[in-house]
Structure formats: structure tokens, C-alpha cells
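Below is one structure; the comments refer to it alone.
The values are calculated or read from the model by the stated rules, or taken from the named source; none is laboratory data. The model shown is predicted, which means the values in this text are computed figures rather than measured ones. Cβ atoms come from the backbone with ideal geometry, glycine included; neighbour counts cover every protein chain shown. These accessible areas exclude ligands, DNA and RNA; they are computed on the full protein's heavy atoms, side chains included. Shrake-Rupley method; radii C 1.70, N 1.55, O 1.52, S 1.80 Å.
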Amino acid sequence: MRSIWKGAISFGLVSVPVKVYSATEDHDLKLHQVHDKDRGRIRYQRRCEVCGEVVEYADIDKAYEEGGRTVVLTDEDLKSLPVERSREIEVVEFVPDTQIDPMYFEKSYYLEPEKVGVKPYQLLRRTLEQTELTAVVKFALRQKSRLGALRVRGDVMVLQALLWPDEVREAAFPVLEDTEVKISDKELKMSSSLVESLSSDFEPGQFTDEYQAQLTQLVEAKLAKGDAVDTEETFGAPAEEGEGAEVLDLMEALRRSVENRRKAAGGAKESSGAKAPKASAGGRSRAKKAEADDAEDSPQEQKAPPKRRTRKTG
């Protein structure tokens, strides 16, 4: 990784010199545009509408137009702003980790301490970790004044740029206000049962970007066989679409979903041929609660009460 900015975290009279690195990257397959007739590469040019010349990026300034008047802002003008000259990540306050709405999160950056700042860096990191607090900070990066959240991720501190309040739109949908909806206790219980059956701990590594994987597969097939590639041979025949989807009422859809989850879980257990991993206390209680809810809602099981099971202790 390459450092994109150098500065210092400041809280009170403590200053922690740090280097900033982009913490995320785009994993999409890089595609460019070509002319469909002769495969010629499409290039974009920055052309001046006054003189018609192609202009290099280094010769381009920014401008703001209002009421027919144009104000040109050069790089020197922008660098003269006091905020832009600042190299401080200023801590404004500390708040509970759960109080920042994820809607405000923008881009993430790793912070690496300079050699002379390792001790105060570790002190701040451990303090945030123990108190379960996030530092709300202000900083300037790439010609923009930003609000940020300074928090801990593993052994490093992460600076997450936040959107400003006026950058987050308010959602106002008349259909939610004008439509009266009644949800029965039975529907809520069945919905909760379905949610419980899908509950787990979040592990990002178990998810993959299927679109990019299939796109890579398609590119490799076309490299090997050219435009004559058979997509059905590559991906298999597409599923046939029915004449019309079956319309289910909400309760029936929930019931079938719970049954499908139960069958899927049972099939996975049989195919493994081994003991299932021990569930956490929370997972066991969720599973038992889901079973109990299902038993209450199933018409067949309501005819005869289930046998009481003694719970082993120790």
C-alpha cells in the first residue's frame, strides 16, 4: 500500500503523527469500451469548447458559474484555504460505537503511526477498544473538508470518512403513511421464526461476488474459443420461466419458507456424515425458540401436545 496523506491525530494536547492509506479497493474486472464494428478502442478527450483544442489534465482549472458569471479557481487558490493546509485529524468528541448510523459511512482509511508516535497510537487504540467508544473527528483530504469516525479494527486504527448531514436524504414515502397495515401476532411469530432460522455470525469470507466470478469465467471462455463460445456450455442452460409465478398469501409464504429452511438444514446435516459443530449458547437458544414457535403454528402438531423433553445440565 502507498501512503496518500500524512498528518497527526490530535486530542487534547496529545498529537499522534500518522500516515493514511486507502483501506478498500475495487475488485471489479477492468473493462474498456470498443467500437462494435471494428473493435477500435474508444478514447475520451478533454476538448475546449472555445478553441476546440484537446486540453491536458494539468492545464485544467476548476470554475463555478452563477448568474452568467464564472469564477475560476486554480490549484493555488484551492491550496490557500486554511482547512486544506491543515494536517490535523482533530478529535471533536467520543461517542458510543453504536450511535453512528452506517448510512453516514463513506470511505475507509488505515492509519499507520510514524515511528515516534507508536506509543500514543497504541494508547489511543487500546483506550478506544476498552471503552467501546468511537472518536468523531474533522479533517481535510483531497480538497474536501470531512467529518470522520476514528475506530479500532484489529491491531490498527481506521479512519472512516462520514457524509455530512445535508448529504443524506430524508426518506418520505406517502405509501407508508397513507396505507394502514395490520400485522397479526401469528404472522409476526412466523416471521421471527424464519429470521431465527437464518441467524448467524457475520463472516465476510463466506461470501463471493458471483457476477465478477461469472464475468471472469466468460472472459476466459471467449479467450479460449473466441466469439463462437457457447454460453450454455459455459454456464449451463438457463432455468425455464413459468407461465406465471404462484401467488401466495403472506402467512403461507412464511410457512413454506420455514419448512424449506428446516429441510435444507436437515439435508446438510445428513450429507455431512459428521457431527455438527457445537452451537453457541445464543445459537442454541435461538434454534430451540424457532422450533417452539414452529410447533405452536403447525396445525398437525397442535392436535397433540409435544412430549416434554428434559434438558441435560452440566
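When you count the other C-beta atoms within 10 angstrom of each residue and take the mean per peptide, 14-23, 73-82 line up highest first as 14-23, 73-82.
A DSSP coil position with no more than 16 other Cβ atoms inside 10 Å describes the following GluC sites (Glu not before Pro) in segment 4-72: GLU25, GLU49, GLU53, GLU56. Label sites at ILE183 and GLU88, each approximated as a point 7 angstrom past Cα along Cα to Cβ, lie 4.7 nm apart.
Per residue, the accessible area of segment 148-201 comes to 74 Å², computed with a 1.4 Å probe over protein heavy atoms only. Each peptide among 115-121, 202-208, 4-10, 226-232 gets the average number of other Cβ atoms lying within 10 Å of its residues, and from highest to lowest they stand as 4-10, 115-121, 226-232, 202-208.
Multiplying the residue separation of LYS115 and ASP155 by 0.36 nm and subtracting their alpha-carbon distance yields 12.8 nm. In this rough spin-label picture, where each label sits 7 Å from Cα along the Cβ direction, the PHE235-VAL34 distance is 2.0 nm. Shape summary: segment 1-129 maps onto an equivalent ellipsoid whose semi-axes, from the alpha-carbon gyration tensor, are 40, 24, 16 Å in decreasing order. Beyond 24 Å in Cα-Cα separation lie the following of the pairs LYS30/LYS144; LYS30/LYS62; LYS6/LYS79; LYS186/LYS263; LYS19/LYS138: LYS30/LYS144; LYS30/LYS62. Rounded to whole Å, the principal axis extents of the Cα atoms in segment 77-130 read 43, 35, 19, largest first.
Surface composition of segment 21-140: carbon plus sulfur atoms hold 50% of the accessible area, using a 1.4 angstrom probe and ignoring ligands, DNA and RNA. Just to be sure I understand the curve: with the Debye formula and one point per C-alpha of segment 103-233, what is log10 I(q)/I(0) at q = 0.12, 0.15, 0.17 Å⁻¹? For the requested q values the scattering log ratios are -0.94, -1.00, -1.03.
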